[in-house]
Amino acid sequence: MPGVESGGTREGYVVVNGVRTYYEERGSGEPLLFLHGGLCTAEMCQPQTVALAAQYRVLVPERRGHGRTPDVPGPLSYEMMARDTTAFMDALGISTAHLVGWSDGALVGLLVAMGDPERVRRLVFMGQALNLDGLRPGTVEYMSGLTARAIPAYTEAYERLSPDGPGHFAVVLDKLKRLWCAPTGVTLDRLAGVRSPTLILIGDNDIVDVAHAAAMYQALPEGRLGVVPNGSHHLPMERPDVVNQFMLAFLSEDEPAPVTPPRVRQRTHASDGAVRTVGDGTP
């Protein structure tokens, strides 16, 4: 149903694949979906969505089991959440949009770009790895051991907003832990088919290995890479000014810049025994 105005934010619900899904909307212009991280709510995205709304129509759907959107029996999967994202776009009559995803939302956005490439204009992939191999050592063990007590801000937000009632947070947390610690099935070679210009953005102390982020950038036909010093997995909250600057500059590019791999300098031995260098970057 249409949203209602509340302090500059329009709020509403639409039915997405049978789930009554809450969303917030602000700004006007080209549509942009902000896809939140695991356990997050729309309010937690405001450091980015307020800045983006100065130039875009920003929509933040709360995925099933998050915020005001109810949980549904059965496990969660990234593929399911990607299908929900395209169904959300359909419900609001949005044919194409920019997608900005953080953490779980980044992988959801990437799967939309892979499965429905014509729907995604530009993609920001922030604070996420393609698969478990891209995570820093110890990350899976940390995630598997998470408890509600260890993340009080997320627990409080769920208990306050969720229609599922008190005590259900443990159910959703268990589903997400299973999701986070299982193989995603997404590999680097699949990035060659991503048509959308894509910005990979991480902190240098993120749960994502920097070398993995660089490998993703190199595998994308239209890739960009940003690494923020002294940034953790909570980079959007820690350094919103830097994150917003990266995103707005990337989203406002007029034309995708061609990605040209650096030339490799190789030493060769000529027949006269001289050593020459080739591929030195000269035309």
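The values are calculated or read from the model by the stated rules, or taken from the named source; none is laboratory data. As the structure is a computational prediction, the values presented were derived from the model and not from experiment. Neighbour counts run over all protein chains shown; Cβ positions are idealised from the backbone, glycine included. Only protein heavy atoms, including side chains, enter the accessible area calculation; ligands, DNA and RNA are left aside. Shrake-Rupley method; radii C 1.70, N 1.55, O 1.52, S 1.80 Å.
Could you list, in sequence order, all residues of segment 210-250 that are of a type outside the set (A, V, I, L, M) and part of a strand (DSSP E or B)?
Once the filter is applied, which keeps residues that are of a type outside the set (A, V, I, L, M) and part of a strand (DSSP E or B), segment 210-250 yields Gly223, Arg224, Gly226.
Looking only at segment 138-191, filter to residues that are of a type in the set (S, T, N, Q) and assigned to a loop (DSSP other than H, G, I, E, B); which one of those is nearest to Ser77 (Cα to Cα)?
Thr184
Select from segment 213-238 the residues that are within 27 Å of Ala192 (Cα to Cα) and open to solvent by 40 Å² or more (accessible area, probe 1.4 Å) and list them in ascending order.
The answer is Tyr217, Gln218, Pro221, Glu222, Leu225, Val227.
Residues that are closer than 24 Å to Gly231 by Cα and open to solvent by 30 Å² or more (accessible area, probe 1.4 Å): does segment 93-109 have at least one?
No: segment 93-109 contains no residue that is closer than 24 Å to Gly231 by Cα and open to solvent by 30 Å² or more (accessible area, probe 1.4 Å).
Give, as residue ranges, the strands (runs of 3 or more DSSP E) completely inside segment 1-110 that count at least 1 residues that are closer than 21 Å to Arg239 by Cβ.
Output list reads 31-35, 57-61, 97-102.
Mind checking which residues of segment 111-137 are in a loop (DSSP other than H, G, I, E, B) and closer than 22 Å to Met81 by Cα?
Correct list: Asp116, Gly127, Gln128, Ala129, Leu130, Asn131.
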